[in-house]
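Chemist: Got a structure here, written out as structure tokens. Questions coming.
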Protein chains: 4
Amino acid sequence: MVPVVRRPGDCPNCRIGRPDNCSDGKKHEAGITGLHGFMRDYFYEAPENLVLVRSKDLSKIGVLTEPLKNVVKAFEVFEKVSTRAVYQNQFSTYEGKKALIIGSACEAFLYAFVAREYGFTTYMANRHAIEDTKLQMCQNFDVNFVDYSKDVNFPDNFELDLLIDTSGDPSTIVRFLRKVNYNGVVILFGTNGKAPDGAITGNDIDWIVERNITVCGSVDAARIHYEKALDLIQKWHLGHAGVMSKMITGIYKPEDTSLFTVKPAGEIKSVIKWNDIE
Amino acid sequence: MVPVVRRPGDCPNCRIGRPDNCSDGKKHEAGITGLHGFMRDYFYEAPENLVLVRSKDLSKIGVLTEPLKNVVKAFEVFEKVSTRAVYQNQFSTYEGKKALIIGSACEAFLYAFVAREYGFTTYMANRHAIEDTKLQMCQNFDVNFVDYSKDVNFPDNFELDLLIDTSGDPSTIVRFLRKVNYNGVVILFGTNGKAPDGAITGNDIDWIVERNITVCGSVDAARIHYEKALDLIQKWHLGHAGVMSKMITGIYKPEDTSLFTVKPAGEIKSVIKWNDIE
Amino acid sequence: MVPVVRRPGDCPNCRIGRPDNCSDGKKHEAGITGLHGFMRDYFYEAPENLVLVRSKDLSKIGVLTEPLKNVVKAFEVFEKVSTRAVYQNQFSTYEGKKALIIGSACEAFLYAFVAREYGFTTYMANRHAIEDTKLQMCQNFDVNFVDYSKDVNFPDNFELDLLIDTSGDPSTIVRFLRKVNYNGVVILFGTNGKAPDGAITGNDIDWIVERNITVCGSVDAARIHYEKALDLIQKWHLGHAGVMSKMITGIYKPEDTSLFTVKPAGEIKSVIKWNDIE
Amino acid sequence: MVPVVRRPGDCPNCRIGRPDNCSDGKKHEAGITGLHGFMRDYFYEAPENLVLVRSKDLSKIGVLTEPLKNVVKAFEVFEKVSTRAVYQNQFSTYEGKKALIIGSACEAFLYAFVAREYGFTTYMANRHAIEDTKLQMCQNFDVNFVDYSKDVNFPDNFELDLLIDTSGDPSTIVRFLRKVNYNGVVILFGTNGKAPDGAITGNDIDWIVERNITVCGSVDAARIHYEKALDLIQKWHLGHAGVMSKMITGIYKPEDTSLFTVKPAGEIKSVIKWNDIE
Ligand SMILES: [Zn+2]
Ligand SMILES: [Zn+2]
Ligand SMILES: [Zn+2]
Ligand SMILES: [Zn+2]
């Protein structure tokens, strides 16, 4: 049994196994009630979520299924909305198309890796440098990291066919939105209610209109995305030896609450190990 | 022969008759060169565009094809992107779904009329009142007009499944975006480079994300949309006796340049009649 | 209230208002129980189905909604499956595309009329001549009728982009299938369990494979198709004065059972008028 | 550079890199001219096709890209046409859905393996037994082989949601078509002009109609499918150790023409090695 985070309500989307697309917000988050005070990210990694994993050597990295399922759903959205025009190149592929992921936390890496699966020339950008181990991880998947605090016009000689935001920061989104190409797709995934307000101009609106740009919010995922996520993790585990396990940057005991107060240095994905039986 | 405004370039979209979705911006606007100083809207109404119209009694209202083709294309976009989730209700229809069109110029009316074709409960909103003749036109098509300068929380007891902007004003767009429902679609059509900047908050981004909202720029149209537009005009002409011709609020001679400097009172669509032979 | 013939079961399609696409056959046909011995076609025309019709002058022709809803659903199927390749021409339209409808009963006319809405060059074919009134109806909608008993190679100088069968006869279907073009779509709608067996050869299979042809069964319809069907009838009623009412070739009393034993000459749609109150 | 077998013509599909969906048959098969007398299958395996393969240990199995690309395209067709209804189960997955592949040659195995990627319960059927090495290959991918000469009613207690034919034999296709479920999809891929004629009855047509079944011819593939095929081969090579190389059942020298006259025992994929430099 795959534990899905949202339990279905009675809307048309819930009825067909897609509570992630709930039409009325009446789906129920699973099991959150008993875990007050826990940040949502860490809940997902409870042991009951690991039953998905069949292969012994995936027991550690199977926790990546949880964030990756959301990425898989977002790319489903990308595929649907990009049918509004011919998105692929004149040879039917994504070769030459550019993807940029804003952010450098766990989800950003996973978005970048999936963009590579499509064949996008893929960039990950943040306004600060990242650790060498993270840079190596990017290199291993042919992802280009950009510290755009040092490259303020980036990208200045090409345009973005796919822009994915994991930051939730309005100003950053608008800044890169003005770099999006004709027929470009923008996936909004990150949320940050405390982010400072951004400005959006008439010219920004004009840019979206004249270029037939599509901006999509995407939240959560359905069972089908869990399955595809696990499949990708297994594929990457075999094809990129050692990289997946490096994504798990720390394993903590439940009683070690430091994790919730101090962001570990170099963190990508921290895991709480609830017990020793897996 | 239907004169389409954009002439194809060599990108994949141009190659299949969709220069409105041009991938590289290298399509060419037709014939604009010889008409410097003319506003684009009026160019379209040159007599050669009227050959589309087969029926004698449509000779006057055939000019509505030009703005309506853009509306038809935008609804094509709506249909494509709305497939990312189940958009229709549990009976497979649009009954009970709410559409709001921002603006009250010619395109806003046409967007509202097409929304009615789908079965949306349809609203047209502006921050001022509109003339009685326009109100009657709304009533004739079962469109509800809202002067939201007098109803500042509008809509306060329902959410929007389809939001269409014809104003290009960032603040207005963001204001109503926060009223958009789960799986809602927002069509950005209006452009106004001189509009004052708007603010977009972290909570606005969060709203788009958590509700799987899709925001689509849509510009121009292809030959298929001209055909459907003309078909709709003929249908409305027969089904809503007299309403279509009331959309043409003024017919001007080419030498009457007042049209370009003073907006006629109660204007919906002004037409320049190039000569007397049609 | 629109009475839909099928009532939903609990499969994913039924759950979203699409019992016409029921996944397990457990939807229920509405009200058939009380009408043993009645042919299905005539059941649909019971007075309770007429409440759909708002306009007084459509009270007679509103019964065409029942067969037309099936046609509308079939064209929905056509639109979905035809996305597997670029179906439209290089100008984005259906101009120059050829549709052939096999049969000349009521549904065949309705299929032909909808094909004309798309812009198909449209043919209706049977192996016998049809009455002059029917020919005039075809002419009115720009539909070409072919008696292919006299033109055994028809069509011999073009290929079919859309083939719709209303006969259910295997040999006839296979005969015309070999005239279907690259990327052509075949809609199977007619059923006739008593039709003689047809032969299908290795070359027929090869033809379907090498030309990427799609053959779709299509049955019944959902509420959305009723709505669109009624809309089309109203449109045609206004745009093709008098033609719709000529589709109703006979109005019978319930006690007049001759209708079930003898096919009326020149019949398109026979209606049983259950009572005088409408 | 990926060598694609078909070179584009000027139809809308060729223009966007999809000569596999050519609208007029005017695409050109690449390089066939210089190879008269060679069977098409063996042409594809010329050394210049191997440049695709980046990883050294895939040099041998990269030839599977050629047949697999066709399978990938066929599943693209499946995905498109299956959108006409809700195809997935009420949990949004393919769990519990049944796929049957007719045939047991190379393509049949590849179709079965891709069906497993989706999560179909997958059957491969032929009217004779297959060698143990082939059975083991099936087991490795969780594919069930059925010798239906011994199980004449197969499948007698379930229905098929996906039927794929690689035989081109009309009678076999019709036999299993009557086992296809509501909303089922049938992919016709095999061709055999010399196959004996089959019979198709009125009840067969009725079965297709009443169950909303879709039958799709699918031929060839585009560059995007080559890319996905190579990706799958790499994935399977890593995830199913040794199985992919067992697919290559024989490597022949160009001068060894026995291959063209005698089918090798236990053959899945025979390769002609043109020279020793790879
Ligand atoms: Zn729900
Ligand atoms: Zn272009
Ligand atoms: Zn059902
Ligand atoms: Zn072509």
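The values are calculated or read from the model by the stated rules, or taken from the named source; none is laboratory data. Just so you know, these numbers come straight off a predicted model, no measurement behind them. For neighbour counting, all protein chains shown are included, and Cβ atoms are generated from backbone atoms with ideal geometry for every residue, glycine included.
Chemist: Taking the conditions exactly as written (within 26 Å of C:Asn89 (Cβ to Cβ), outside the structural domain of C:Leu135 (by TED's automatic domain parsing) and either under 20 Å from the mean Cα position of the chain (by Cα) or in contact (Cβ under 8 Å) with a residue 12 or more places away in the chain (or both)), does C:Trp207 satisfy them or not?
Modeler: No: the conditions fail for C:Trp207.
Chemist: Please go through region C:249-273 and give me each residue that is in contact with a Ser or Thr (Cβ under 8 Å, 6 or more places away or on another chain) and not charged (D, E, K, R), ordered by number.
Modeler: C:Thr249, C:Gly250, C:Ile251, C:Tyr252, C:Leu259, C:Pro264, C:Gly266, C:Ile268, C:Ser270
Chemist: Answer yes or no as to whether C:Gly242 is crowded, with 22+ Cβ neighbours inside 10 Å, more than 8 Å from every other protein chain (Cβ to nearest Cβ) and out of contact with any helix residue (DSSP H, G or I) (no Cβ under 6 Å at 6 or more places or on another chain).
Modeler: Spelling it out, it is not the case that C:Gly242 is crowded, with 22+ Cβ neighbours inside 10 Å, more than 8 Å from every other protein chain (Cβ to nearest Cβ) and out of contact with any helix residue (DSSP H, G or I) (no Cβ under 6 Å at 6 or more places or on another chain).
Chemist: Moving on to the next point. Mind checking whether some residue in region A:90-112 is within 30 Å of D:Lys80 (Cα to Cα), at the interface with another protein chain (Cβ under 9 Å from one of its Cβ atoms) and in contact with a Pro (Cβ under 8 Å, 6 or more places away or on another chain)?
Modeler: Within region A:90-112, one or more residues are within 30 Å of D:Lys80 (Cα to Cα), at the interface with another protein chain (Cβ under 9 Å from one of its Cβ atoms) and in contact with a Pro (Cβ under 8 Å, 6 or more places away or on another chain).
Chemist: Please go through (1) facing another protein chain (nearest Cβ under 7 Å); (2) in contact with an Asp or Glu (Cβ under 8 Å, 6 or more places away or on another chain) for C:Lys235 and return the number of the only condition it doesn't satisfy.
Modeler: The single condition C:Lys235 does not satisfy is (2).
Chemist: Every residue in region D:97-111 that is of a type in the set (Ser, Thr, Tyr) and part of a helix (DSSP H, G or I), please.
Modeler: D:Tyr111
This table checks each residue for (1) of a type in the set (A, V, I, L, M, F, W, C); (2) in a loop (DSSP other than H, G, I, E, B); (3) under 16 Å from the mean Cα position of the chain (by Cα).
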site: A:Thr65; (1), (2), (3): no, no, yes
site: A:Lys69; (1), (2), (3): no, no, yes
site: A:Phe78; (1), (2), (3): yes, no, yes
site: A:Tyr87; (1), (2), (3): no, yes, no
site: A:Ser92; (1), (2), (3): no, yes, no
site: A:Glu95; (1), (2), (3): no, yes, no
site: A:Val114; (1), (2), (3): yes, no, yes
site: A:Tyr123; (1), (2), (3): no, no, yes
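Chemist: Quick test of your reading of the structure: D:Ala222 fulfils all but one of (1) at the interface with chain C (Cβ under 7 Å from one of its Cβ atoms); (2) at pLDDT 95 or above. Name the failing condition by number.
Modeler: (1)
Chemist: To continue, here is another question. Check region D:28-37 and report whether any residue there is at pLDDT 95 or above and over 26 Å from D:Phe109 (Cβ atoms).
Modeler: No - not one qualifying residue is present in region D:28-37.
Chemist: Any residue in region A:150-167 that's more than 14 Å from every other protein chain (Cβ to nearest Cβ): show its pairings with residues that are outside any strand (DSSP E or B) and of a type in the set (Lys, Arg) at Cβ separation under 6 Å, as long as the two are six or more apart or on different chains.
Modeler: Short answer, once both residue conditions are applied: A:Pro155/A:Lys179.
Chemist: Can you name the residue in region A:7-26 that is farther than 15 Å from B:Phe91 by Cα and part of a helix (DSSP H, G or I) and, of all such residues, is farthest from ligand 1 (Cβ to nearest atom)?
Modeler: Here the answer is A:Asp20.
Chemist: Which one of B:Lys269, B:Lys263, B:Lys253, B:Lys235 is touching a residue at least 40 places away in the same chain (Cβ under 8 Å) and not acidic (Asp, Glu)?
Modeler: Of B:Lys269, B:Lys263, B:Lys253, B:Lys235, the one residue that is touching a residue at least 40 places away in the same chain (Cβ under 8 Å) and not acidic (Asp, Glu) is B:Lys269.
Yes/no per residue for (1) in contact with a helix residue (DSSP H, G or I) (Cβ under 6 Å, 6 or more places away or on another chain); (2) charged (D, E, K, R):
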site: D:His237; (1), (2): yes, no
site: D:Tyr252; (1), (2): yes, no
site: D:Asp256; (1), (2): no, yes
site: D:Leu259; (1), (2): no, no
site: D:Lys269; (1), (2): yes, yes
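Chemist: Take C:Phe75 and decide whether it is at pLDDT 85 or above and within 16 Å of ligand 2 (Cβ to nearest atom).
Modeler: Against the criterion (at pLDDT 85 or above and within 16 Å of ligand 2 (Cβ to nearest atom)), C:Phe75 does not qualify.
Chemist: Cβ-Cβ distance below 9 Å, separation of 6 or more or different chains: which pairs start in region C:6-25 with a residue that is on the phi > 0 side of the Ramachandran plot and end on one that is surrounded by fewer than 24 Cβ atoms within 10 Å (Cβ to Cβ) and hydroxyl-bearing (Ser, Thr, Tyr)?
Modeler: Taking only residues 6 or more apart or on different chains, the pairs are C:Gly17/B:Thr93; C:Gly25/D:Tyr182.
Chemist: Of all residues in region D:174-203, how many are surrounded by 23 or more Cβ atoms within 10 Å (Cβ to Cβ) and at the interface with another protein chain (Cβ under 8 Å from one of its Cβ atoms)?
Modeler: Adding up the residues that qualify gives 5.
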